[in-house]
Amino acid sequence: MVKRDGYSKAQIGLHWLTAALIGFNYLYSEGMGDALDARLEGGAEPTLGIIPNVHVWVGIAVLVMVVLRLGLRMVQGHPAAAGTGLTALAATWGHRLLYLVLLVVPALGAVTWFGGLDATGEPHAFMANVILVLAGLHALVALFHQFVLKDGSLTRMLRSK
Ligand code: HEM
Ligand code: HEM
């Protein structure tokens, strides 16, 4: 894996755009259960004050961006995890876990919606909550690094190198 001092502009842009779109889709999900029921019953999708297509396509955009980001990580490289020993190991596995749920959530959503599989709907919604908890912890750790340990972790996700 290529090592570099910081993240590229594209990696930083994709990080913040993904975070924003996940927040958006989380808030813009109410009524998806009813829309799915209507779709599975073969009827017209109900007007629920939310357009199911927006949730679906924003989610697919997240999936595409995460795949792109993993590709960029391999081609352009990435900095070594912050910390040493156990803390560096925790950062590496924390990021791997985030990538995993970032792939799993939209993939489960897609199987539910396009595959018409009711059974994966609940795991999708549950895992979306898991993303939120993990991302919240991740943000707290990032702020701790930046303002308590003062190791410039947040700066490297703001300024490219
Ligand atoms: C990565 C971004 C995504 C996030 C954060 C997200 C979040 C959520 C949340 C929180 C719910 C629960 C809504 C509720 O019960 O009120 C939900 C439901 C749903 N989402 Fe997503 N979603 C994402 C991507 C997708 C994608 C890509 C699709 C389809 C291609 C999709 C399809 C659905 C469907 C069909 C439901 C209803 C599931 C059910 O009630 O059984 N989502 N989503
Ligand atoms: C849904 C929200 C978020 C997701 C899914 C997410 C995901 C990720 C992932 C997967 C990485 C690893 C990048 C890599 O090495 O390829 C990362 C890095 C990073 N994230 Fe987030 N993030 C989110 C929100 C935030 C927020 C709100 C902050 C700041 C308060 C933040 C700060 C950082 C920092 C500073 C790094 C770089 C860590 C380092 O390499 O030292 N992230 N994020």
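Given their separation in residues at 0.36 nm each and the Cα-Cα distance between them, Q76 and A38 gain 9.3 nm when the chain is fully extended.
Largest first, the residues V148, V66 sort by 1.4 Å accessible area into V148, V66. Summarising the label geometry, the points placed 7 Å from Cα in the beta-carbon direction at L17 and L117 lie 2.8 nm from one another. Computed from the Cβ-Cβ distance with R0 of 25 Å, the FRET efficiency linking L103 to K9 stands at 0.60. By accessible area, using a 1.4 Å probe on protein heavy atoms only, the range 9-156 has 73% of its surface on carbon and sulfur. Relative to its Kirkwood radius, the Cα radius of gyration of the chain gives an Rg/Rh of 1.04. The charge dipole of the chain, taken about its Cα centre with unit charges on the Cβ atoms of Lys, Arg (+1), Asp and Glu (-1) only, comes to about 1260 debye.
The values are calculated or read from the model by the stated rules, or taken from the named source; none is laboratory data. Quick caveat, the model's predicted, so the values are computed rather than measured. Positions of Cβ are generated from backbone atoms using ideal geometry, with glycine treated the same way; all protein chains shown enter the neighbour counts. Each accessible area value is taken on the protein alone, full model and side chains, heavy atoms only, with ligands, DNA and RNA left out. Shrake-Rupley method; radii C 1.70, N 1.55, O 1.52, S 1.80 Å.
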